[in-house]
Amino acid sequence: MCPEISSESSIARVVPAVPFLVVAPDGHAHLVGSRCTDCGAIMPGRRIACAACGTRGRLESIQLAESGRLCSYTVVHRSFPGVTTPFVAAIVNLDGGGTLKGTLTDVTPDPRSLPYDMPVEIVYRDSGQKAADGSAFLSYYFVPSRRGHKND
Amino acid sequence: MTDVYIVGIDMIPFGRYPSRTVPELGAEAAWLALDDAGLGIRDMQALYCGNLMEAHLMVGQRILREMGLTGVSVTNVANACATGATAFREGLIAVKSGLYDVVLAVGVEQMGRGLLGGSGRSDGFVEEGALGSNTMPAMFAQIGVEHARKYGTTFEQFAKVAVKNHHHSTMNPKAMSQRETTLREVMEAEMISWPNTKLMCSINVDGAAAAVIASERAARRLGLMARAVRVRASEMTSGPYTPKEFAIPDFNEVTRNCTRLAYEHAGIGPDALDLVELHDCFATAELVHYENLGLCNEGEAGPMIDAGETTLGGRIPVNMSGGLLSKGHPLGATGIANLYEVATHLRGAAGARQVVGARMGLTHVVGGSFGRGSACVVHVLERV
C-alpha cells in the first residue's frame with residue numbers, strides 16, 4: 001500500500017519509524033517479517049535465528065499481512081509529557097500470523113466503541129515527526145477495516 | 001543439598017526519602033535484617049544486591065562502605081521488577097550449593113515520580129502515541145483487557161482488587177499508603193489507562209528490604225532455627241516464545257512456567273498455601289495472576305474477587321501487605337519485601353493483618369517491558 005503522503009518529493013525524504021517497515025524506491029511501503037521454515041513461527045523483521053525454536057538460517061523473508069483483528073487494547077489517558085491523549089494502544093493479531101503493537105486510529109477512544117476482535121487494517125502515514133535531517137518519519141497505524149473482513 | 005532458611009528478614013517503611021542515598025537505605029534494611037537474626041555484617045560471607053536504577057554503580061559495594069568493608073564477594077543484579085527476588089535467589093543458590101553458610105541479600109530502590117516505561121530513541125522518534133504505548137499502566141491494562149475479552153471480566157472486578165489491597169494496607173504500618181478506599185472512589189479516580197485508574201496503579205516509592213539466608217547447619221549452629229523460615233522452592237523463568245512476543249511481553253506464560261516449577265519442587269499444590277504475595281503492579285495484573293498461580297480455575301478470577309476469597313479471612317488471602325498498590329513498588333526492593341511479608345505471617349508476627357495459623361506461603365514477582373522481555377521469580381516459604 002502506498003503511504004498516505006501526497007507529493008513525489010516528500011517520498012524521497014521518508015524514514016521508516018521501525019526497522020521492519022520498508023519503503024520501496026517507488027514509494028510503496030510494507031512490513032517485512034520472517035517465517036521459520038522449521039516450526040512455522042512468524043516474526044516481524046529480518047532475523048538470523050528463529051525466536052520460537054532457535055533454528056539458525058532457516059528463515060524466509062515474507063511480507064506481513066495488512067489486515068488482522070484487535071486482540072487487546074487500552075485507551076491511554078495519561079502518557080509521557082508532550083504526548084497527545086487520549087489514544088488507543090492496541091495489540092493486533094495479523095491474518096496469516098504475527099502480532100504487532102501499535103496505535104489504533106480513526107476510532108472514538110472509548111471502550112464502548114471498540115469491540116473485541118474487530119477487524120482492522122494497516123495503513124502507513126506520516127507520523128508528524130521529523131528526523132534530524134528533516135525527513136518525515138513514516139509509521140504504520142491500525143484503522144478499522146474498510147473492506148469488512150474475509151472471515152465475516 | 002542442604003535445606004535453606006531465612007533466619008533474618010525485614011524492610012524499611014516504604015516512602016519517599018529524597019535526602020537519603022540508595023546505599024543508606026540499603027544499609028538500613030540490612031541492619032534491620034541482621035538485627036532480626038542477631039548477627040552482624042562480619043558474619044556475612046557474601047552479599048547479593050538487587051537494584052535497578054543504579055545498576056551500573058556498584059550499589060552492593062557502596063552498602064558495605066556504609067556497613068563495614070568486609071571484603072566479601074558482592075554480586076550486583078538487575079532484573080526488572082524481579083530484581084530483588086533475583087538477588088535473594090542468587091544468595092540462596094550459593095548457600096544451597098554449599099559455597100557459603102550465611103549470606104545477605106538486599107534489595108533497594110529510589111524512584112522518581114510519574115509514569116514508568118519508555119526510554120528515548122537515538123534517532124529521536126517518539127514511539128509513544130505513534131506505536132501504541134510503552135507505559136507500564138498501558139501494558140498491564142492491555143493484559144487486563146485481554147482477560148476481559150476472554151472471560152468477561154469487568155472494570156468493577158478489577159477495581160475491587162484495589163479496594164481490597166488498600167484495605168489490607170490499613171493494617172500494615174510499613175506501607176506507603178494506609179488509606180481505606182471505596183469502590184466508587186477507585187472507579188471514579190483519574191483514568192490512567194483503561195481500565196486502570198490512578199488508584200489501581202502501584203505507587204512509585206523509595207524502599208529497601210533485606211534477608212539473611214543460611215544453611216540448615218549454620219542455622220542450627222547459630223541457634224536460629226526457632227524463628228527460621230524454610231525456603232521450599234525458589235524458581236525463576238524468563239519469557240518463553242509466544243506468538244505475541246514482539247508485541248507485548250507475555251506475563252501469563254512466564255508466570256505459569258515459574259509457578260509450575262515451584263509447585264513441583266515444593267511438592268505441593270496451590271491448595272496447600274495459606275497466603276500469597278503476588279505482583280499487583282496494577283489492579284488488572286492481580287486478577288490474571290490468580291489464574292496464573294492456580295489459585296482458581298481459568299476464567300474464575302473475577303468471581304473470585306467478587307466472593308472475597310482473597311481478602312483477609314477469605315479462602316486464600318492475597319497481598320496482605322497492601323500489595324504494590326498501597327505498600328508501594330520500589331522496583332529492586334519489592335522481591336525481598338514480599339518475602340518479608342510472607343515470612344512475618346509464618347512467624348505469627350503480622351499483628352492485625354495476621355493470617356491465623358499460616359504455615360505455607362508463596363511470593364511472586366514478574367517484570368519486563370515492551371521490546372525487551374520478562375523475568376519471573378516464585379518462592380514458596382514454610383514455617384519450620
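The values are calculated or read from the model by the stated rules, or taken from the named source; none is laboratory data. Bear in mind the structure is a predicted one, so any value in this text is a computation, not a measurement. Note: ideal-geometry Cβ built from the backbone for every residue, glycine included; neighbour counts use all protein chains shown.
Numbers for the structure displayed
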| quantity | calculated |
| --- | --- |
| Residue pairs meeting the criteria (Cβ under 7 Å; at least 6 apart or on separate chains; first more than 7 Å from chain A (Cβ to nearest Cβ), in segment B:128-143; second among the small types (Gly, Ala, Ser)) | B:Asn134/B:Gly117; B:Asn134/B:Gly118; B:Met136/B:Gly117; B:Pro137/B:Ser193; B:Phe140/B:Ala285; B:Ile143/B:Ala285 |
| Pair list, Cβ < 9 Å and 6+ apart or interchain, from segment B:83-105 residues that are in contact (Cβ under 8 Å) with a residue 60 or more places away in the chain to residues that are assigned to a helix (DSSP H, G or I) and among the basic types (Lys, Arg) | B:Asp101/B:Arg217; B:Asp101/B:Arg221; B:Ala105/B:Arg89 |
| Meets criteria (part of a strand (DSSP E or B) and polar (S, T, N, Q)) for A:Thr74 | yes |
| Residue within segment A:120-131 that is over 18 Å from A:Phe20 (Cβ atoms), at the interface with chain B (Cβ under 10 Å from one of its Cβ atoms), in a loop (DSSP other than H, G, I, E, B) and modelled with pLDDT under 95 present | no |
| Count of segment A:22-50 residues which are among the aliphatic types (A, V, I, L, M) and either touching a helix residue (DSSP H, G or I) at 6+ places or on another chain (Cβ under 7 Å) or buried (at least 18 other Cβ atoms within 10 Å of the Cβ) (or both) | 6 |
| Subset tally (residues that are over 16 Å from B:Val205 (Cα atoms) and among the polar types (S, T, N, Q)) for segment B:12-63 | 2 |
| Residue check for B:Ser122: within 14 Å of chain A (Cβ to nearest Cβ), more than 28 Å from B:Pro13 (Cβ to Cβ) and modelled with pLDDT under 95 | yes |
| Top-ranked residue in segment B:225-247 [being part of a loop (DSSP other than H, G, I, E, B) and touching a helix residue (DSSP H, G or I) at 6+ places or on another chain (Cβ under 6 Å); ranked as farthest from A:Thr103 (Cα to Cα)] | B:Ala228 |
| Among residues of segment A:1-27, those that are assigned to a loop (DSSP other than H, G, I, E, B), modelled with pLDDT of 85 or more and in contact with a Leu (Cβ under 9 Å, 6 or more places away or on another chain), counted | 3 |
| In segment B:67-97, the residues that are within 13 Å of B:Gln45 (Cα to Cα) and either buried (at least 24 other Cβ atoms within 10 Å of the Cβ) or in contact with a strand residue (DSSP E or B) (Cβ under 7 Å, 6 or more places away or on another chain) (or both) | B:Val72, B:Ser73, B:Val74, B:Thr75, B:Gly91, B:Leu92, B:Ala94, B:Val95 |
| Number of the condition not met by A:Asp106 [criteria: (1) of a type outside the set (A, V, I, L, M, F, W, C); (2) on the phi > 0 side of the Ramachandran plot; (3) surrounded by fewer than 23 Cβ atoms within 10 Å (Cβ to Cβ); (4) at the interface with chain B (Cβ under 9 Å from one of its Cβ atoms)] | (4) |
| Residue match in segment B:161-168 (condition: within 13 Å of chain A (Cβ to nearest Cβ) and either touching a helix residue (DSSP H, G or I) at 6+ places or on another chain (Cβ under 7 Å) or free of Cβ contacts under 8 Å to residues at least 12 places away in the same chain (or both)) | no |
| Members of segment B:190-224 that are farther than 25 Å from B:Glu109 by Cβ, aliphatic (A, V, I, L, M) and not in a strand (DSSP E or B) | B:Ala218, B:Ala219, B:Leu222, B:Leu224 |
| Candidate set: segment B:254-281, residues that are among the hydrophobic types (A, V, I, L, M, F, W, C) and assigned to a helix (DSSP H, G or I); chosen: the one farthest from B:Met236 (Cα to Cα) | B:Ala272 |
| Residues that are of a type outside the set (Lys, Arg), buried (at least 22 other Cβ atoms within 10 Å of the Cβ) and more than 22 Å from B:Ala138 (Cβ to Cβ), drawn from segment B:149-180 | B:Val163, B:His166, B:His168, B:Ser169, B:Asn172, B:Ala175, B:Met176 |
| Residues located in segment B:228-251, provided they are surrounded by fewer than 20 Cβ atoms within 10 Å (Cβ to Cβ) and either under 16 Å from the mean Cα position of the chain (by Cα) or more than 12 Å from chain A (Cβ to nearest Cβ) (or both) | B:Arg230, B:Ser238 |
| From A:Leu70, A:Leu100, residue being within 20 Å of the chain's Cα centre (by Cα), touching a residue at least 40 places away in the same chain (Cβ under 8 Å) and at the interface with chain B (Cβ under 8 Å from one of its Cβ atoms) | A:Leu100 |
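Yes/no per residue for (1) within 14 Å of another protein chain (Cβ to nearest Cβ); (2) free of Cβ contacts under 8 Å to residues at least 12 places away in the same chain; (3) within 27 Å of B:Lys96 (Cβ to Cβ); (4) touching a Gly at 6+ places or on another chain (Cβ under 6 Å):
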position	(1), (2), (3), (4)
B:Trp194	yes, no, no, no
B:Asn257	no, no, yes, no
B:Asp280	no, no, no, yes
B:Ala283	yes, no, no, no
B:Gly294	no, no, yes, no
